[in-house]
Structures are given as structure tokens and as C-alpha cells.
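The values are calculated or read from the model by the stated rules, or taken from the named source; none is laboratory data. Fair warning: this is a prediction, and the values are worked out from it, not measured in the lab. As a convention, Cβ positions derive from the backbone with ideal geometry for all residues, glycine included, and neighbour counts pool all protein chains shown. The protein model used for the area step is the full one, side chains on, heavy atoms only, and it has no ligands, DNA or RNA in it. Shrake-Rupley method; radii C 1.70, N 1.55, O 1.52, S 1.80 Å.
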Amino acid sequence: TPPNPSPALLLPPPLPSSSFPFPSGGRLPPHAMSAAPASADVRLPTTVVPRLYTLELEVLTDLENFSFTGALSVDLEVRAGGVRTITCHAVDLKIDAGDVTFTSAGGESKQPCRAVTFDAKLETASFAFDGDLPQGPGRLLISKYVGELNDKMKGLYRSKYQVDGKPRHMAVTQFEATDARRCLPCWDEPAVKAEFIATVTAPKEETAISNMPAVSGYPKPAEGNKDLLVWKFEKTPRMSTYLLAFVVGQFDYIEAKSQAAEFKDGKATGDVAVRVYAPKGKTDQATFGLDVAVKSLHYFTKFFEIGYPLPKLDLIAIPDFSSGAMENWGCVTYRTVCLLVDEKNTALKNKQYVAIVVAHELAHQWFGNLVTMEWWTELWLNEGFASWVEYLAVDKLFPEWKVWQSFVNEAHNPALGLDGLLTSHPIEVPVKHPSEIDEIFDAISYLKGASVIRMLANHLGIETFRKGLVAYLNEFKYRNATTVDLWRWLEIGGKL
């Protein structure tokens, strides 16, 4: 391995608000110096909780106004008596009260919405009804709403690219931390998990990708409009809203199988389809990322002793992307330079970085997606852990790289430097308002968090630490957990 050149010359600068390992040097992004946190806790009431979202979107059909249309049905549970208002999150969505109804599970009670009220500061929409909503299962139906296909690289946004030399737009989502509410009215908090069934209608030349595979028989032409295709996707597992994802555009892809579907008798077995989607004509640059993904998925299945929970995994290179990558369950999105590798012209340091980013996001498929932090206060738990285990995976795949030597210079030492500044903060920071969340997507959460996890793993012993993680994931899978929960199960791991 040649001497490491300056990371600043090779790696893209860190940007806020998403899940990616910070590049070498631990540079503190500007948002870490933002205003003092708000004091009010703004979490939604728990009197009404969702169980299943059935979502329909039509995208890339109104590029003059850059808007999209949606329809939403939410199977939910009313947990208290006297409830006359349903409040959830919504930002930059147009919803008319006449398009909203509530129906009880048996259908005996159907109430039209009296009024829709938006709170820009709290980023909520409240649907008011004249009568009390019956306790138990029910359904909120929004027959139509309109949203903005924005250029802010958050929510459901547009990304400009070229096909055959002609400019085009693709539709992409970036929902972490709190931007699913820009695409659909939802309970946009990590602890409020639900299942999702999604349908996307788009021009026939586009490919739609989501968390799950398309249902058999789809895509198919839209009724009454042969220029549009309808893509209906299988139901997701229970998951947080920030992990929901859609990408609609024109791609080529390459595919391979990973032995990762289940862990049985000490082995990772069963095929999982893994694809890397790249801009048309660039699949030759997707080979390295695909190879790392296939091997990492197999490695993590053995490490966590839990099969990869979804039937497929897609990795998608996006031209306009605010961060390095995002771990959407089964539909991982990457900045192009963090996934594609020109084997003839890419420096080894950049290949190592791509491998690290790919491994980081795939570790999240278990630690973060299968078991999710209870609230953003535990963000370090997601990111610190993934920023440690990424090195474990890459060291297994490429032992000749000696990446743990790089960890000291690229994570541990920068974390020590930042932690000595007046602007430092604990790795676990209380979060009450969404405006505070971006402030902790910083090098302290990633690098200091990873360093603490590494120190703890070495103190306990890697195998003891791993047993505790396996027990923790099995205990909380498809649910949420806190830092205290992890400590407790790591302690138990020492006795297993």
C-alpha cells in the first residue's frame, strides 16, 4: 500500500443531515456551530398511532410546476376516548378538508374532516372532526394531496442529470432526519414504526425503485394513459418513516447474489438479490461497489447471526445528493463518488473510502433499521456503531489494507482533537426539537462515538461484545431501543 496522500485532496467534504461516515480529518461542519437548542419537546401525542400506510404517488408528470400528487390511507389505532383531532407531521403539502375522511374498522362510523390546520413551526397538520373518533382500529383516508418536487435535496426532490446528452430530472427521496413529512402526512418520529405499501406512477421511460421489490405483474400501464407506468411494491416490514425511500429515473444496473437471507447452523445462506444502479453507460464503474456490497451483506449476516430481513438490496448512485449516503432499508442511496469506482483511474485511498461507505450503510440494515434508536438523542448509537463496524467489515474483506491503522488517524485522533474544543459536546445529546437534530450529525457523534465503541469492544473482547449485540438485536428487532438497553445487553453478552 502506498503512503496515504492528504485525505482533503481525495475525499468529498462532509455535509450535514444524513447517515454517512465522516471522511478523514474530522472536519466539523458549519451546522455544528448553529444556534442554541430549542427547549420545548415537540413530539406528537400518542393518542393516535399508525399501523399501515398505503401510499400512492404520481411523480415526474408535472415538471412545469415541479409538483407531485399523492393519495394516502393510514390504518391506525385510536388509543383514547374523546379524540376529535388527528395530528401528524406535514410540510409543504396541500391538503383540502374535503378530501379527508375517517372510517372505523367495521365501517359503521364514517366522519368527514371539518378542517385541516397546519402549524409551520411544529411542522404538523391537524385533521379536525365533529364527533369523537371511536377507540380502536380505524382508517384515515386522504384521497388527494399535492406536494412540491423541490430542489432542496430533502423530502421528495428533483435531481438533474443527462441521458444521451439531454437534460432530465429524476425524483429522489432523502427523509432522514425529519423530511418524510415533505412527501406524505405521517408520524415522522423514529419510534413510531409502521408498515408501508407504496405505489408509484411515472412516465413509462422511467424506472421506479423503493424499499421492496415490485409486486408480481408490475409495472403495468396506467389506466387511461399508456404513457405512464404504475409500479406497486410489496409491503415493507415495520420500520421508521425516515427509512422509506423512492427513486424514479433512468438507470442501468448490474446484479449479483449474496448468501445472506438467513443464518442457520452457523452459516449465512439463502440468496439475496443485490443490485447497483448507475447512470446509463456507467455500470462498468459499479463492479467494485457491488462486490463490496455482496461480501459485506454476507459478513454482517454471520456477524449479527440474523438473516438480512428483506428480499433484495439496491444501491443507487444519485447525481445530486446532500450527503455521502443514506441507509434506506433495501434502497440505499449514495452520492455518485461514494459508490462508483473507475478501476483504471481511481486512487486506492478513494477505493477504500467507497468500501467504508458501502459497509457503513449495510451495517445500518441491522443496527439502525432492524433495531432503531428510540429518539434522536441516541443518534450516536446508530452512527457511532456503524462507523466502528464498517472498519471491521472492510478489514475482513481487504486485510491487506490494514484499515485499523487508518482508524487511528482518520477517526480516533480527530475525535480527540474535536473533543478538546469548547464547541465539543457529549456523544449523547438530548434532542427535543427537529431543528436540533442536524446539529448532532457531526464528527463527535460519528468519530468519538466510533472510538468509544471500539474501546468498549476491545475491553470486553470482540466475541463477548458481538454476543451482546446479537442478543440486543434479537430482543429489539422491528422495535426501538436506547443506549441503556445496549449497555444492559452487552453486560448480558459477557455471560452468554
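Hey, which of these cross-link pairs are over 20 Å Cα-Cα: LYS193/LYS467; LYS302/LYS477; LYS154/LYS226; LYS110/LYS193; LYS235/LYS467; LYS204/LYS282?
Pairs exceeding 20 Å: LYS193/LYS467; LYS154/LYS226; LYS110/LYS193; LYS235/LYS467; LYS204/LYS282.
Can you pull the accessible area of THR464 for me, 1.4 Å probe, Å² to the nearest 10?
Accessible area of THR464: about 40 Å².
Rank these by accessible area, largest first, 1.4 Å probe: PHE476, PHE263.
Ranked list, largest accessible area first: PHE263, PHE476.
Pull up the cross-link candidates among the aspartates and glutamates for LYS257, meaning alpha carbon to alpha carbon under 19 Å and not fewer than 8 places away within one chain.
Answer for LYS257, where 19 Å is the Cα cut-off: ASP271, ASP284, ASP291, GLU305, ASP314, GLU361, listed by chain and number.
State the Kirkwood hydrodynamic radius of segment 74-218 in Å, one decimal place, computed from all pairs of distinct Cα atoms.
Across segment 74-218, the inverse of the average 1/r is 17.2 Å.
Once every Cα of segment 195-235 carries one equal point scatterer and solvent is ignored, give the base-10 log of I(q)/I(0) from the Debye formula at q = 0.20, 0.25 Å⁻¹, two decimals.
-0.53, -0.78
Per the Debye formula with a single identical scatterer at each Cα and no solvent contribution, what log10 I(q)/I(0) holds for segment 107-190 at q = 0.14, 0.20, 0.21 Å⁻¹?
Rounded to two decimals, the profile gives -0.67, -1.03, -1.08.
For an R0 of 35 angstrom, estimate the FRET efficiency from the Cβ-Cβ distance between VAL215 and ARG479 and round to the nearest 0.05.
Computed FRET efficiency for VAL215 and ARG479: 0.85.
Given the -39500 (n - 2.57) contribution per DSSP H run of 4+ residues, what per-residue ellipticity at 222 nm results for the chain, rounded to the nearest 500 deg cm²/dmol?
Value at 222 nm, helices only, nearest 500: -6500 deg cm²/dmol.
Provide ARG238, ARG114 ordered by accessible surface of protein heavy atoms (probe 1.4 Å), highest first.
ARG114, ARG238
Starting from the alpha-carbon convex hull of segment 84-149, give the projected area averaged over all orientations, in nm².
With the hull built on Cα positions only, its mean projection is 4.6 nm².
Run the numbers for THR117 and THR46: contour at 0.36 nm per residue of separation, minus the present Cα-Cα distance, in nm.
This chain segment gains 23.7 nm when fully extended.
With equal scatterers on the alpha carbons only and no solvent term, can you work out the Debye log10 of I(q)/I(0) for segment 138-187 at 0.13, 0.27 1/Å?
Per q value, in the given order, log10 I(q)/I(0) is -0.41, -0.99.
Rg (Å, one decimal) plus Dmax (Å, integer) for the alpha carbons of segment 176-271?
Expressed in Å, the Cα Rg and Dmax of segment 176-271 come to 16.3, 53.
Cα atoms only, segment 216-334: Rg and Dmax in Å?
In order Rg, Dmax, the Cα atoms of segment 216-334 give 15.8, 53 Å.
Around ILE427, under 11 Å between beta carbons, what's the net of Lys plus Arg minus Asp minus Glu among the other residues?
Surrounding charge for ILE427 is -4.
Ignoring ligands and nucleic acids, what accessible area does LEU416 show with a 1.4 Å probe (Å², nearest 10)?
Probe radius 1.4 Å; accessible area of LEU416 about 110 Å².
Rounded to the nearest whole Å², what accessible area per residue is found for the chain with the 1.4 Å probe?
40 Å²
Just the number, please: carbon plus sulfur as a percent of the accessible area of the chain, 1.4 Å probe, no ligands or DNA/RNA counted.
52 percent
Which distance in nm do the two modelled labels at ASP265 and SER67 give, with both placed 7 Å along the Cα-to-Cβ direction?
Roughly 6.0 nm, to one decimal.
What does the accessible area of PHE68 come to, in Å² to the nearest 10, when a probe of 1.4 Å is used?
It works out to around 0 Å².
Modelling each spin label as a point 7 Å along the Cα-to-Cβ direction, I'd like the ILE492/SER435 distance in nm, to one decimal.
4.0 nm
Just how many % of Cα pairs in the chain lie over 34 Å apart, if you round to the nearest whole percent?
Here the long-distance tail beyond 34 Å is 35 percent of all Cα pairs in the chain.
Work out, step by step, the length gained on full extension between ALA273 and ASN345: first 0.36 nm times the residue separation, then minus their alpha carbon distance; give nm to one decimal.
23.1 nm
Could you pull out every residue, at least 5 positions away or on a different chain, whose amide H is within less than 5 Å of the one on ALA222? Hs are placed 1.01 Å off N in the peptide plane, and Pro or chain starts have none.
LEU228, LEU229, VAL230
Could you work out how far helix 287-304 tilts from the main Cα principal axis of the chain, as a 0 to 90 degree angle to the nearest 10?
Computed tilt is about 90 degrees.
What Kirkwood hydrodynamic radius, in Å, does segment 355-496 give when the mean of 1/r is taken over all pairs of distinct Cα atoms and then inverted?
Result for segment 355-496 stands at 15.5 Å.
Tell me whether segment 347-411 comes out rounded, prolate or oblate; compute the Cα gyration tensor, take square roots of the eigenvalues as a ≥ b ≥ c, and use a/c under 1.5 as the rounded threshold.
prolate
Accessible area, 1.4 Å probe, largest first: how do GLU255, GLU56, GLU189 sort?
GLU56, GLU255, GLU189
Within the set LYS166/LYS280; LYS232/LYS312; LYS166/LYS351, which residue pairs have Cα atoms separated by over 18 Å?
Distance filter (> 18 Å) returns LYS166/LYS351.
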